[in-house]
Amino acid sequence: MRFFETIKNIWTIKELRERIAITLLLVLVYRLGCYIVLPGISPADLDALSNFTNKSGLMQLLDMFSGGAFSQASVFALGIMPYITASIVIQLLGMVWPYFQKLQRDGESGRQKINQYTRYLTVLILLLQGPAYLVNLQVQVSAAGGHAAMGFWTVLYLTIILAAGSMFIMWLGERITDRGIGNGISFIILVGIIARLPNALKFEFVSRLPGSTGSEGGLIMFIVEIVLLFAVTVGAVLLVQGVRKIPVQYAKRIVGNKQYGGARQYIPLKVNAAGVMPIIFAQAIMFIPITLAGFGANENTSGFFAAFSDVNGFWYNLVYFLMIVAFTYFYTAITVRPTQMADEMKRNNGFIPGVKPGKKTAEYIDTIMSRITLPGSIFLGIVAILPAFARMLGISQNFAQFFGGTSLLILVGVVLDTLQQIETHLMMHHYDGLMKDGRIKGRTTGSMY
C-alpha cells in the first residue's frame with residue numbers, strides 16, 4: 001500500500017509530474033530513433049550484423065550502450081559513447097594542461113567553455129568512428145551474401161547522419177537534465193541497458209528448458225542465476241552507498257585555545273567516491289583497440305587486437321581490472337579535495353577531534369580516503385569483471401552482462417540518483433517518500449557527464 005501512496009504523492013506534485021512526463025517523452029523519442037535504419041541499408045541484410053554482435057563480446061557492449069541501435073544500423077548507432085570518451089579526454093587534459101586547469105577553477109563560465117570543447121572533440125571522434133562503423137557494416141553484410149556498397153560519398157553522408165544522430169542524443173540528455181528527472185546522459189545509457197534486459201532474460205530462460213542447447217541444470221540453474229543476480233545487485237548497491245563518517249566538532253565561541261558550546265557533525269566520505277566513472281573510463285579506453293582495427297575483428301585477427309577484443313580473455317580482464325583500480329584513485333583525487341575541506345572546516349571554527357586544523361586535517365582526510373578507496377576500488381574492479389566469470393559458468397553472453405560490469409553499476413547508480421531526486425521533491429512538499437527513513441543515497445560525486 002505504501003508504494004501506491006507514494007505514486008499518488010508523486011502525481012499530486014505538478015512540477016514533479018511534469019518532469020517525469022517530459023523525461024518519458026524524451027526517452028520515447030530516443031527509443032524510436034533507435035529503430036530508424038540508415039538510408040540505403042536494407043533491414044533484411046542486418047541479420048549478419050546482429051549475428052556478429054552476438055558472437056563478439058565487445059560488439060555486444062557497444063550494442064548495449066546504444067540500446068540495440070548499433071546492431072540495427074540505426075541513425076543512433078554510435079550512441080553516446082563518443083561524448084563520454086571526449087569528456088574523459090577533457091578531464092585528463094585538466095590534470096596536465098594549465099589552461100584547462102584554469103577553466104576548471106573559473107566556475108560557471110569555465111564549465112561552459114569546457115562543455116564547448118567537449119562537444120567539438122565529440123564531433124571529431126564521431127567523424128573517426130563513423131567510417132569505421134560503416135566499413136564494418138559493409139564487411140559483415142557482404143560476408144552474409146547481402147549488399148551494402150559503401151563508396152566515398154556514401155560513407156561521407158552516412159557519417160554525417162551518424163554524427164548528427166549522436167549529437168541529437170546528447171541534446172536529448174541535456175534536455176532531460178534541465179527539464180526532466182535525473183542526469184540525462186546517464187539516464188539514456190540506463191534506458192539502453194534496460195531495453196536489452198527482457199530479451200536477455202527470455203533467452204536465458206528458454207535456453208534452460210529441457211531439450212534446449214545449453215540446458216545443463218535446467219530451471220533450477222536458472223533460479224540459481226536469478227538469486228546470484230540479486231546478490232550481486234545488493235552488493236553493487238552497498239558499494240554505491242557505502243560511507244565512512246568522520247566526526248567534526250564545531251565551536252560557537254573560542255576563548256584562548258579552548259572551544260566551548262560546540263555541536264558535533266559528520267563528514268561522509270564515500271567508499272566509492274568516484275561512482276561509476278572509473279568503469280566508464282576503463283571501458284572507453286578498452287574500446288580503442290577495436291576502434292583502431294576498424295571494428296573489423298574476425299577469425300584472422302591475432303596478437304594485440306585479438307587479446308583485447310576478447311572480453312572473456314585473461315589479458316583483457318586483467319588490464320580492465322587494473323585500469324579500474326587506477327582510475328578509481330585518479331577520479332577520487334580530482335573530486336574529493338582534502339585541502340579544500342580542511343580550509344572550509346577551519347573557516348567555520350570546526351576541527352576533527354585529536355587532529356590539528358589546517359594542513360594536518362587535510363593530511364588526515366587524505367589518509368582516510370586512501371584507506372577506504374583501496375577496498376572500494378578492488379571491489380569495483382571485481383564487480384566489473386564478474387560477467388567474464390558468469391560466462392565461464394555457462395551463462396549466455398547476453399544475460400551475463402547484467403551480473404556486474406558497466407551495465408549493473410550504471411543501472412544501480414542511475415536508479416539511486418533518480419530516486420534521490422524524486423525523494424527530494426516529495427520531502428520539499430512534505431509528502432511521504434519512497435523509503436521509510438527517507439534516506440536514499442545516490443552518486444553525489446563522480447557523475448561527470
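Quick notes on this structure:
- Surface listing: R244, R347 arranged by accessible area from highest to lowest gives R347, R244, probe 1.4 Å.
- Heavy-atom accessible area per residue - segment 306-391, 1.4 Å, Å²: 49
- Pairs over the 31 Å Cα-Cα cut-off, from the set K14/K270; K14/K346; K8/K113; K270/K360; K113/K245; K113/K356: K14/K270; K14/K346; K8/K113; K113/K245; K113/K356.
- Inter-label distance, nm, simple model (7 Å from Cα along the C-beta direction), R175/R371: 5.0
- 19 Å cut-off, amide nitrogen to a point 7 angstrom out along L25 Cα→Cβ, residues in segment 161-177: 168-177
- Were the residues from A164 through N115 laid out at 0.36 nm apart, the gain over their Cα-Cα distance would be 15.9 nm.
- Full extension of the chain between Q265 and F389 gives 40.4 nm of extra length, using 0.36 nm per residue less the Cα-Cα distance.
- Length added when fully stretched, Y35-L209, from 0.36 nm per residue minus Cα-Cα: 59.6 nm
- Inter-label distance for I334 and D106, nm, one decimal - labels placed 7 Å from Cα along Cα-to-Cβ: 1.7
- In nm, spacing of pseudo-spin labels at L238 and Y157 (7 Å Cα→C-beta vector): 5.7
- Sites V224 and N312 - FRET efficiency at Förster radius 22 Å, r taken between beta-carbons, to 0.05: 0.60
The values are calculated or read from the model by the stated rules, or taken from the named source; none is laboratory data. Keep in mind the model is a prediction, meaning the values are calculated, not measured. Heads up, the Cβs are rebuilt from the backbone with ideal geometry, glycines too, and the neighbour counts pull from every protein chain shown. We work out accessible area using only protein heavy atoms, side chains counted, and drop any ligands, DNA or RNA first. Shrake-Rupley method; radii C 1.70, N 1.55, O 1.52, S 1.80 Å.
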